[in-house]
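Rule-based calculations on the coordinates, nothing more; no lab input. Quick caveat, the model's predicted, so the values are computed rather than measured. Virtual Cβ from ideal backbone geometry, glycine too; neighbours counted across all protein chains shown.
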Amino acid sequence: MTSQLSRSNAREWLLDLLLPASVFLGSLLLWEAIVRVFAIPPYVLPAPSLILTTLIADWPLLFASLLVTLRITFEALALAVAGGVGLAILLAQSRAVERAFLPFAIILQVTPIIAIAPLLLIYLESSTAVLVCAFLVAFFPILSNTALGLASTDHNLVDLFDLYRASRWRRLVLLRLPSALPYFLGGLRIGGGLALIGAIVAELAAGAAGQGTGLAFRITEAGYRLNIPRIFAALALISFTGLLIYGALALISRLVLRHWHDSARSRQM
Amino acid sequence: MLRLSGLAKTFPGGTIAVTGVDLEVRGSEFLTLLGPSGCGKSTILRLIAGLAAPSEGEIIWSDGVRPKIGFVFQEPTLMPWANVFANVYLPLRLAGLSRREAAPRIGAMLSRVGLGGFENAYPRELSGGMRMRVSLARALVADPPLLLLDEPFAALDEITRFALNDDLLVLQRELKTTIVFVTHSVFESVYLSQRVAIMSPRPGRIVGEIAIYSLEPRSADFRVSAPFADQAKQVSAALRDAMAVGYVP
């Protein structure tokens, strides 16, 4: 029984980790092979090995830019959490307030932020504009998820708090906020990824007018110089950062919810 | 303990849930409201608890005011993010007791419902019956003179339900809590209560009351005794009559 169980576990592990990893590695090798066999010049499509050497050679430059992008991302995310959760709590206080303000939130949400970016760049100093852009895209998933969570409190538990004549404050802290936590964490995971995208997109929109030195700026700059390998190196760094942010937020959510929420528990036999 | 006088509840949509309900609940008794689904049994409990306001009629409390009330819902209704201790602590916490003041009472109540040592478990880790026991402990921990139970064991398997029935009886006799219990099970009503009030289908009315006699303390023997069968038959017949009453416009 046990050996059977461990064998099936091993097979699952193989499928979960080894299979995607080997497919990924295989496609990199295929890419490398195609570039070499057809002698594709690096300014058209650089081989993975060249991208890696570029990444190492340009590391001081790219790493400094990565730090700039990361700072914008996390500042935007922190602001988005404070603003999104704060506004969601405010909206949850009364239906009238919610009705009055939700249309604004929705209009801002459905408007592609890249379309607002040029305007922000006119009104604001470019580094502030980039931050505001990243904030705006990360803000709405956090707001709407948290608002949904605050509204989906168990009705019987609400009755119970009524029965014990709980104050509004107690109700918020002991019942509504914990109820909203899984929803908020879902929003945070989406918001974290979007904050990075927002930071990159805004910096791209800022282009040469910006004083930015983030990764998007490096991409634009490398594009002007036809330094294609560096573009790929910067892209790889951005993807990796996105993965890392998503992974970290998913881990936080798993740790916080491990005792009680379905999403954080593996299926039991 | 309390008297319902001409109580009626009409929902905003115009649905009449209950109408003309007259009922007395005596101190320390175990009273069951028995009726078909949707007859307004739960509405009466909510009115008694003050969770809804009556459209007509009034509730007269023998002490002049509504006392502390414990409420057990159809589902355990526990806070999934909080462990057993924190769930049972809730009523005391909302009453302003510190964790340290509350701890001995919580421990004692958990032992009473057979969950001593489960303080740190989370609801998800417990079986349905154990969750219902936590819910019961939470309802009783603040020592309410009146306990309202809304079909609490309907979702449990029979073995678990019988065990919880017995434990509830023991608790009630020990604590002298007045209980109003809602169920649609004839057998459960006869086994548990001293008095069964029978309700007609919507709009719900109380159409009869039957006193249940048995040697005390009741135990599993009562469930298979002749008096139990006789009284169950009597209650079934009354319920059948009540169902017929309901169809008269």
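Angle, helix B:128-140 long axis vs. longest principal axis of chain B, Cα atoms, 0 to 90°, nearest 10?
Value to nearest ten degrees: 90.
Positive end of the charge dipole of segment B:139-249 (Lys, Arg +1 and Asp, Glu -1 on Cβ, about the Cα centre): tell me which of B:Ile206, B:Ile179, B:Leu156 has its Cα farthest that way.
The residue sitting most towards the positive pole is B:Ile206.
What's the angle, to the nearest 10 degrees (0 to 90), between helix A:59-93's Cα axis and the longest principal axis of chain A?
In chain A, helix A:59-93 runs at an angle near 20 degrees to the longest axis.
Give me the Kirkwood hydrodynamic radius of segment B:112-194 in Å, from all C-alpha pairs, to one decimal place? Show your work: numbers first, answer last.
Values: mean 1/r = 0.0749 Å⁻¹.
Roughly 13.4 Å, rounded to one decimal.
Report, to the nearest 10°, how far helix B:226-247 tilts away from the longest principal axis of the Cα atoms in chain B, using its own Cα long axis and a range of 0 to 90°.
With rounding to tens, the tilt is 60 degrees.
Report the FRET efficiency, 1/(1 + (r/R0)^6), for A:Tyr43 and A:Ile106, where r is their Cβ-Cβ distance and R0 is 60 Å, rounded to 0.05.
Details: r = 45 Å, r/R0 = 0.75.
Given R0 = 60 Å and the Cβ-Cβ separation, E is 0.85.
Tabulate in residue order the Karplus-calculated ³J(HN,Hα) for segment A:127-141, using 6.51 cos²θ - 1.76 cosθ + 1.60 with θ = phi - 60°, rounded to whole Hz; enter x for Gly and Pro.
For segment A:127-141, the Karplus curve yields 5, 5, 4, 4, 4, 4, 4, 4, 4, 4, 6, 7, 5, 5, x Hz.
For peptide B:223-232, how many partner chain Cβ atoms fall within 10 Å of a residue's Cβ, on average? Present the calculation step by step, with values, prior to reporting the outcome.
Numbers: counts 0, 0, 0, 0, 0, 0, 0, 0, 0, 0.
Across B:223-232, the average partner-chain Cβ count within 10 Å equals 0.
Averaging over all projection directions, find the projected area of the Cα convex hull of the protein assembly as shown and quote it in nm² with one decimal place. It would help to have the intermediate numbers written out before the result.
Details: hull surface 138.1 nm².
Orientation-averaged projected area of the Cα hull: 34.5 nm².
How large are Rg and Dmax for chain A when calculated on the C-alpha trace, in angstrom?
Cα-based Rg and Dmax for chain A come out at 23.3, 77 Å.
Set Lys and Arg Cβ to +1 and Asp and Glu Cβ to -1, take the dipole of segment A:138-244 about its Cα centre, and tell me which of A:Leu188, A:Phe161, A:Leu235 lies farthest positive.
Among A:Leu188, A:Phe161, A:Leu235, the one farthest towards the positive end of the dipole of segment A:138-244 is A:Phe161.
Which whole-Hz ³J(HN,Hα) couplings does segment B:92-97 yield from phi under the Karplus relation 6.51 cos²θ - 1.76 cosθ + 1.60, θ = phi - 60°, glycine and proline marked x?
6, 5, 5, 8, x, 7
Report the number of Lys pairs in chain B whose alpha-carbons are under 26 Å apart, with separation of 8 or more residues or on distinct chains.
Working: B:Lys9/B:Lys41; B:Lys9/B:Lys68; B:Lys41/B:Lys68; B:Lys41/B:Lys176; B:Lys41/B:Lys233; B:Lys68/B:Lys176.
Taking chain B as the scope, the lysine pair count is 6.
Just to be sure I understand: if I project the alpha-carbon convex hull of segment B:76-143 onto a plane and average over all orientations, what area do I get in nm²? Let's see the in-between values first.
Values: hull surface 15.7 nm².
The number I arrive at for segment B:76-143 is 3.9 nm².
Can you sort B:Asp63, B:Asp150, A:Asp154, B:Asp22 by how many other beta carbons sit within 10 Å, fewest first?
The order, fewest Cβ neighbours first, is B:Asp63, B:Asp22, A:Asp154, B:Asp150.
Where the Cα atoms of segment A:91-149 are projected onto their three principal axes, how long is each span, largest first, in whole Å?
37, 19, 17
Which net charge results when you count Lys and Arg as +1 and Asp and Glu as -1 among the other residues whose beta-carbon is under 15 Å from that of A:Leu160? Could you put the intermediate results ahead of the total?
Details: positive: A:Arg165, A:Arg170, A:Arg171, A:Arg176, B:Arg46, B:Lys68, B:Arg93, B:Arg131, B:Arg138; negative: A:Asp154, A:Asp159, A:Asp162, B:Glu75, B:Asp150.
In short, +4.
Spelling out what I want: for every residue of segment A:106-120, take phi, set θ = phi - 60°, compute 6.51 cos²θ - 1.76 cosθ + 1.60 (Karplus), and round to whole Hz; glycine and proline get x.
5, 4, 5, 6, 7, 7, x, 5, 4, 6, 7, 3, x, 5, 4
So what is the relative contact order for segment B:76-143, in percent, with contacts set as C-alpha pairs under 8 Å and at least six apart? It would help to have the intermediate numbers written out before the result.
Working: 81 pairs, mean separation 34.0, N = 68.
The value is 50 percent.
What percent do you get for the relative contact order of segment A:46-256 when only Cα pairs under 8 Å and 6+ apart count? Walk me through the numbers before you get to the answer.
Numbers: 252 pairs, mean separation 65.8, N = 211.
Once divided by the residue count of segment A:46-256, the mean separation gives 31 percent.
Quick one: compute the contact order of segment A:174-246, relative version, from alpha carbon pairs under 8 angstrom and 6+ residues apart, as a percent.
Details: 33 pairs, mean separation 21.2, N = 73.
Averaging sequence separation for qualifying contacts and normalising by length gives 29 percent for segment A:174-246.
Ranked highest first by average number of other Cβ atoms within 10 Å, how do B:114-123, B:194-203 line up? The partial results should precede the final answer.
On the way: B:114-123: 16.1, B:194-203: 21.6.
Per-residue Cβ counts within 10 Å, averaged per peptide and sorted highest first, yield B:194-203, B:114-123.
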